[in-house]
Amino acid sequence: MGIIKRQAVKQSIINYLGVGIGAISILFIYPRATEMVGLARFLIDTGTLIAPFLLMGFGGVTIKFFPEFKTEDGRNNGLLPFIFSIPVVASLLFVLLSLLFQPIIQDYASGKDEGYREFWVFIIPIAICLAFFQLLYNYSTNYGRIAVPAIFQNFIKIVLPTTILLWYWELISIDTLVWGIVANYILVLLAILLYLKLQGRLLFRANWAHLTADRRKRISNYALFGLFGGIGSVLAFRIDSFMIANLISFEGNGVFTIAAFIGNAIAIPTNAVNQVSAPILTSAIRENDLREVKKIYQGASINLLMVGLLLFVWVACSVEDLFHLMPADGDFAQNPALIGQGVQIVMLIGLARVIDMGTSVNNPIINFSPHYRFGLYAILALGILNIFTNLFFIKTLNLGIVGVALATLFALSLYNLIKLIFIYWRFGIQPFSTTTVKLLAFALLAFLAGFFIPSVEYTLLDIIIKSLVVAIVYIPMVIYFRISPDFNEMLATFWNKIR
């Protein structure tokens, strides 16, 4: 767990700094311009929705087949030019088709707000940059390097609130705001290319002879399943923004974005652990080392759940206070009914993320094993289920944006349950233990302590007091009962350095 722990901690720190910046944006900037936030998120999330079609499944190929290409001189038998070739062709085809079918795309990509029809074209460069950034990000994980690319990935958390605020102050137009978003993704793509160049990893000399007929066949099969898996993934996790914009409004999308951000912040460590675990799990599975797989599976579950429960309890005790911190001239203050919707969305999304964290690194275990096809079927099923549950809760039950959050909780919980059962059936391992029960009990005690403590008049002070009470109850129990040996070891190392 050494490299996993170091790199995951580094990326988590970077991501939580991004969360800190995002929290300032969510509390003090975005509530002033929910409609612009909704437009921006629509463009970004639609680009993310398209990116898997451009990658053609080669994002996973970058990690899965790296051991077969790896060489001592770092040239890796021309892996980089090979994984670039297909997405480049796909991107050129995407641009051509977008221009040919412009009227049809414009109708579906403008949401319910007709005034924003002309902005659909900006989705094209966003989608292409996102696709190639993800490809290079995955490539860098093979070398255990994710911290610096994670910084690039978080640039949008500075650029978006800055442009939103400039628009709110009437210093820039909507056109300039959208151009700023596009410029961000172009720059981060150039930044990761430069980073890999400086690391000596950006080598484009091809060795097509290494692509034997058997290897091409295996890569093609894996990429095909990876393509459908990527499509399923964005349908499961990124379709919300598109559906809210088309079924409700850009303003509703902005409100959902603000509330969902708070709930999703709980899951920040998940991506770091998944990214760093992937190459190690790939090697362990190839060598049939199930003891190592089980060790990572259970260790990641405890560490993720330990952090996730603490963050969830903090949020649960102070979520209403967070909305009351928002500016008096913002949409939430002017429409108090939005606060009730926001609280429900935060709690539903937060609970879904805690369940996802507790079920650990089940995605890498399945996706980088001989049973990766099941991962495809599961994620496609989740994507389809998410669409239908969104439609049911939004249109049939008329629950609006709260229905979207409820659909996420239902679909994600069922998805993780299916993966747990499959991994136990195929590998005979599962991530839970008596330690899991202890963590849940500690979190419940911490929640009761924070929830029932009397509130004070000042909102910010009330949040601080409740957070301190939760931490004082939860953290000492985690340390005393040695819930996470990794966490105790990190504390001991930190304490020794201070001494």
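A few points about this structure:
- Interatomic Cα distance distribution for the chain, bins of 20 angstrom, percent: 22, 58, 20, 0
- Counting neighbouring beta carbons within 10 Å and listing from fewest to most, the residues E35, E118 come out as E118, E35.
- For S98, S318, order by how many other beta-carbon atoms lie within 10 Å, fewest first: S98, S318
- Rounded if a/c under 1.5, otherwise prolate or oblate - the range 45-154, Cα gyration tensor axes: prolate
- Ignoring aspartates and glutamates fewer than eight residues from K157 along the same chain, the ones with Cα atoms less than 16 angstrom from its Cα are D45.
- What the pair-distance distribution of the range 31-89 shows, using all Cα-Cα distances binned every 5 Å from zero, is 4, 16, 18, 15, 12, 9, 9, 8, 5, 4, 1 percent.
- Over the chain, dividing the summed -39,500 (n - 2.57) contributions of all DSSP H runs of at least 4 residues by the number of residues returns a 222 nm mean residue ellipticity of -26000 deg cm²/dmol.
- Per-residue ³J(HN,Hα) for the range 381-387, Karplus 6.51 cos²θ - 1.76 cosθ + 1.60, θ = phi - 60°, Hz, x for Gly and Pro: 4, 5, x, 5, 4, 5, 5
- Taking packing as the residue-averaged number of other Cβ atoms within 10 angstrom, the listed peptides 280-293, 260-273 run from highest to lowest as 260-273, 280-293.
- Between the range 411-455 and the range 65-83, the alpha-carbon centres lie 39 Å apart.
- Around the amide H of I172, modelled in the peptide plane, lie the amide H atoms of W167, all under 5 Å away and 5 or more residues distant in sequence or on another chain.
- What the phi angles of the range 36-50 give under the Karplus curve with 6.51, -1.76 and 1.60, with θ = phi - 60°, is a coupling list of 5, 4, x, 5, 4, 5, 4, 5, 5, 6, 5, x, 5, 5, 7 Hz, glycine and proline written as x.
- Multiplying the residue separation of L414 and L461 by 0.36 nm and subtracting their alpha-carbon distance yields 13.1 nm.
- Couplings 3J(HN,Hα) for the range 430-440, derived from phi with the Karplus relation 6.51 cos²θ - 1.76 cosθ + 1.60 (θ = phi - 60°), are 8, x, 9, 7, 4, 4, 4, 5, 4, 4, 4 Hz, where x marks Gly and Pro.
Read-outs: derived from the displayed coordinates by stated rules, not from any lab. Just so it is clear, the model here is predicted, and its values are computed rather than measured. Heads up, the Cβs are rebuilt from the backbone with ideal geometry, glycines too, and the neighbour counts pull from every protein chain shown.
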